[in-house]
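Report on the following structure.
Bear in mind these aren't lab numbers, they're just calculated from the coordinates by the rules spelled out. Keep in mind that what you see is a predicted model, and the values were worked out from it rather than measured.
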Amino acid sequence: MRWIHWLAIGALSLTLTACATSPTGRQQLTLVSDDQLNQMGAEAFEQYQQELPKADAASQRYAQCIADALIDALPAEQQRAQDWQIRVFESEQANAFALPGGYMGVNTGLLSIAETQGQLATVIGHEMGHVLARHANERVSTQTATQLGLSVLSSASGMQGPAGEQMMGALGLGAQFGVLLPFSRRHESEADVIGLRLMAEAGFDPRESVTLWENMQAAGGGAQPPTWMSTHPSQGQRMAGLQANMDDALERYEQARQAGRTPNCPRP
Ligand SMILES: [Zn+2]
């Protein structure tokens, strides 16, 4: 993503200072207007579609079917708040992304690792989680705050104790390793939890999320890990996080099944 561009926009929007709460109840710094970010998301998505090779129609239909089931499970307000779109791109790299505005991409390389609809729903639900939790806004806002050396940094990053102070002392290094990296991992874990709930509410078996990560682990074991995975928490942390929320997810899953949510998206 073009953070430099985003930073410039972010700096212009500082008057819109706001503190928000994420879907899991975490305090967030959101300085940028969602409309601006969504507009940039739309433009970037347009560009990706022009530049990246499109996957075959069957793969696109498959991902669309799963995304539709997940979107249907959202409250009406959250359905309308984004221009939810998904595209499958032809690439061996096991990668997926989400842009503000609800624009998502999945590579065919990930489709071969995700062996079932539930496993792909894990990936798409995770990406939707980033959008629903406004992670892009928070990230741009934190980077903007770092860039401008604002005192909001310490409250925005949630840094506490000697480690945090040390990072504040070495802002440059802190900005690179101390603030952004753990922050981003926190986002990943949060997106996992939101995605897990969402897939369960859509009627996908939440236990498939753990299977996906086992498959990712197996696929990443040989050569270098897929990009999508390397910036994420370790699979061990990740699976522990999913397991910790599994009882709750299974309840939601049971309720969804009883309510007739039984998605059927055959893998091509
Ligand atoms: Zn992620």
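Summary table below
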read-out: Segment residue 49-residue 72, extension gain: residue separation times 0.36 nm, minus the distance between their alpha carbons; value: 5.8 nm
read-out: Residue-span extension gain [residue 258 to residue 64] - 0.36 nm each, minus C-alpha spacing; value: 67.5 nm
